[in-house]
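Peer 1: Before anything else, here's the structure in question.
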Amino acid sequence: MGEAIVITSGKGGVGKTTTTANLGTGLAMRGHKVVLVDADIGLRNLDVVIGLENRIVYDIVDVVEGACKLKNALIKDKRTEGLYLLPAAQTRDKTAVSNEQMTKLVAELKEDFEYVLIDCPAGIEHGFKNSIIAADKAIVVTVPEVSAVRDADRIIGLLLANEVSYVKLIINRLRKDMIDAGNMLNIDDTLEILSVDLLGIVPEDTEIIRSSNIGEPVVIKGDTPSGIAYRNIVARILGEDVPLMELKKEPKGFFASIKKLFSRK
Amino acid sequence: MGTWASFIQKLMGKNQTKDVAKERLKLVLFHDRTEIPPALVDVIKDEIIAVLDKYLDIDKEKMDVELTKLGEESRSSTSALVANIPVRGVKSTKKIQ
């Protein structure tokens with residue numbers, strides 16, 4: 001019997017989908033059987049971030065409506081052993097899946113998979129409620145900006161009110177230069193404001209956009225700051241005690257670019 | 001905090017903005033969590049003053065009325081209205097009787 005973890009944030013654009021893709025891939029790379037559920041019906045994106053968009057035949061709505069069997073809708077990631085995707089429907093809206101259908105679906109997935117990661121849509125409406133209804137744990141993603149932190153607080157409150165008692169935070173897109181200059185909320189500030197446990201931090205990294213361009217999560221190579229960060233978070237999910245990574249300044253300037261150029265294949 | 005970066009910023013006369021962000025967030029989240037809008041607190045404050053003012057000579061300059069969380073647990077839903085109002089004396093005892 002596996003566990004269902006919802007990745008949520010309230011605010012859009014803070015990195016829920018990227019986080020889901022990387023944590024799921026990372027868990028599968030560590031030998032676990034993982035399914036990613038894209039609950040963002042109507043605005044599906046997890047498929048492109050993970051590079052499986054061309055292989056979709058059926059989606060989550062087809063499954064709950066009985067148009068196909070669950071196993072027929074699951075897409076196996078050929079790059080990463082043990083990783084599967086249940087895509088969202090693109091032509092429907094959030095109301096296409098009810099709370100009861102979602103609960104039943106997640107229960108079924110938990111029988112076959114060790115980890116069921118649910119990529120929650122932005123907002124606090126039906127799509128959110130649907131994503132958290134069957135979750136055993138929640139990972140809240142935020143970025144160090146007032147709007148995202150405020151929304152994260154609201155989400156944490158709603159999770160606790162809905163009896164999701166395991167709630168942990170990922171602070172995404174931290175920039176050492178801005179923190180040092182006193183122009184970005186640091187880790188302690190954010191934790192103090194939200195009074196929640198930290199699961200991990202992810203530094204701002206241009207590799208994230210490069211990786212979504214090609215549909216390959218950064219955690220696969222794991223040689224960039226964000227890739228290392230996601231590997232650390234995966235280890236913590238697996239119960240390992242990994243110290244927080246040290247934030248480093250993104251190398252800038254001519255020589256840094258040359259060095260970066262040659263370090264790539 | 002990086003001393004060099006903050007030192008250079010001070011030299012350039014630029015203010016650090018994260019402390020402002022932190023204070024603003026703390027206040028806005030307090031109101032979000034308690035679901036008591038800031039405007040309501042102001043109304044309550046004015047009415048308390050009006051009542052006290054009827055009977056007592058209070059120092060409005062030095063008074064301090066605010067709604068804060070109760071206890072250390074910032075997610076606790078109980079809040080406390082803390083009022084610190086210096087009283088100079090009694091205005092009139094005519095109204096009692």
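Peer 1: Collect residues whose amide H, placed 1.01 Å from N in the peptide plane, falls under 5 Å from the amide H of A:ARG92; neighbours closer than 5 in sequence don't count.
Peer 2: Placed amide hydrogens put A:GLY42 under 5 Å from A:ARG92.
Peer 1: Spelling out what I want: for every residue of segment A:155-169, take phi, set θ = phi - 60°, compute 6.51 cos²θ - 1.76 cosθ + 1.60 (Karplus), and round to whole Hz; glycine and proline get x.
Peer 2: Residue by residue, segment A:155-169 yields 5, 4, x, 5, 5, 5, 5, 9, 6, 8, 8, 8, 10, 10, 10 Hz.
Peer 1: When the accessible area of segment A:111-212 is split by element with a 1.4 Å probe, what percent falls to carbon and sulfur?
Peer 2: Carbon and sulfur: 46 percent of the exposed surface of segment A:111-212.
Peer 1: While we're looking at this one, here's another question. Looking at this model, which pairs from A:LYS129/A:LYS221; A:LYS11/A:LYS249; A:LYS94/B:LYS22; A:LYS78/A:LYS249; A:LYS76/A:LYS248 are more than 31 angstrom apart at the alpha-carbon?
Peer 2: Check vs 31 Å cut-off fails for A:LYS129/A:LYS221; A:LYS94/B:LYS22; A:LYS78/A:LYS249; A:LYS76/A:LYS248.
Peer 1: Which of A:ALA181, A:ALA89, A:ALA39 ends up with the largest GNM mean-square fluctuation for chain A, with Cα atoms connected below 10 Å?
Peer 2: Sorting by GNM fluctuation, first place goes to A:ALA181.
Peer 1: Quick one: Karplus J couplings for segment A:91-103, per residue in order, coefficients 6.51, -1.76, 1.60, θ = phi - 60°, nearest Hz, x for Gly and Pro?
Peer 2: 9, 10, 10, 4, 6, 5, 10, 8, 4, 5, 4, 5, 4
Peer 1: Residue farthest toward the positive end of the dipole of segment B:25-72, with Cβ of Lys/Arg at +1 and Asp/Glu at -1: which of B:ILE44, B:THR68, B:ILE58?
Peer 2: B:THR68
Peer 1: Antiparallel as a % of all DSSP beta bridges within the protein assembly as shown, to the nearest 5?
Peer 2: Of all bridge pairs located within the protein assembly as shown, approximately 30 percent are antiparallel.
Peer 1: Work out which GluC sites (Glu not before Pro) in chain A are exposed loop sites (DSSP not H, G, I, E or B, at most 12 other Cβ within 10 Å) and give the longest gap free of them.
Peer 2: Longest site-free region, per DSSP loop and neighbour criteria: A:1-80.
Peer 1: If you don't mind, there's one more thing I want to ask. Which aspartates and glutamates, on any chain, are close to B:LYS91 with Cα under 19 Å apart, when same-chain ones fewer than 8 places away are left out?
Peer 2: Those aspartates and glutamates meeting the cut-off are B:ASP46, B:GLU47, B:ASP53, B:ASP57, B:ASP59, B:GLU61.
Peer 1: With both partners inside segment A:1-155, how many of the DSSP beta bridges are antiparallel, as a percent to the nearest 5?
Peer 2: 10
Peer 1: Would you work out what percent of the accessible area of segment A:1-109, with all protein chains in place, is carbon or sulfur (probe 1.4 Å)?
Peer 2: Result for segment A:1-109: 48 percent of the exposed heavy-atom area is carbon or sulfur.
Peer 1: Can I ask one more? For A:TYR84, tell me the accessible area in Å² from a 1.4 Å probe, rounded to the nearest 10.
Peer 2: It works out to around 50 Å².
Peer 1: Right, something else. Return the inverse of the average 1/r over all pairs of distinct C-alpha atoms in segment A:14-105, which is the Kirkwood hydrodynamic radius, in Å to one decimal.
Peer 2: Radius from the Kirkwood sum: 13.3 Å.
Peer 1: Hey, another quick one. With a ≥ b ≥ c the root eigenvalues of the C-alpha gyration tensor of the protein assembly as shown, is it rounded (a/c under 1.5), prolate (a/b larger than b/c) or oblate?
Peer 2: Oblate is the answer for the protein assembly as shown, as a/c is 1.5 or above yet b/c matches or exceeds a/b.
Peer 1: What number comes out for accessible area per residue over the protein assembly as shown if the probe is 1.4 Å? Units Å², please.
Peer 2: 53
Peer 1: Given a 1.4 Å probe, show me the residues in segment A:140-167 buried by at least 50 Å² of accessible surface when comparing the whole protein assembly to the chain alone.
Peer 2: At a threshold of 50 Å² (probe 1.4 Å), the residues of segment A:140-167 that become less exposed are A:VAL146, A:ARG150, A:ASP153.
Peer 1: Checking an interface number: how much accessible area is buried between B and A, summed over both chains, with a 1.4 Å probe, in Å² rounded to 100?
Peer 2: So the buried area, both faces added, is about 1700 Å².
Peer 1: Can you give me the relative contact order of chain A as a percent, contacts being Cα pairs under 8 Å and 6 or more apart?
Peer 2: 24
Peer 1: Additional query: Between the chain alone and the structure with every protein chain in place, find the residues of segment B:28-70 that drop at least 40 Å² of accessible area; heavy atoms, 1.4 Å probe.
Peer 2: Buried by 40 Å² or more upon assembly, which counts only protein chains, are B:LEU29, B:ASP32.
Peer 1: Report the gain in length on full extension from A:THR206 to A:ASN99: 0.36 nm times residue separation, minus Cα-Cα distance, nm rounded to one decimal.
Peer 2: 34.8 nm
Peer 1: How much length, in nm to one decimal, is gained on full extension between A:ASP241 and A:ARG79, taken as 0.36 nm per residue of separation minus their Cα-Cα distance?
Peer 2: 55.6 nm
The values are calculated or read from the model by the stated rules, or taken from the named source; none is laboratory data. What you are looking at is a predicted structure, and each value in this text was computed from that prediction instead of being measured. Positions of Cβ are backbone-derived with ideal geometry, glycine not excepted, and every protein chain shown enters the neighbour counts. Heavy atoms of the whole protein, side chains included, go into the accessibility calculation; ligands, DNA and RNA do not. Shrake-Rupley method; radii C 1.70, N 1.55, O 1.52, S 1.80 Å.
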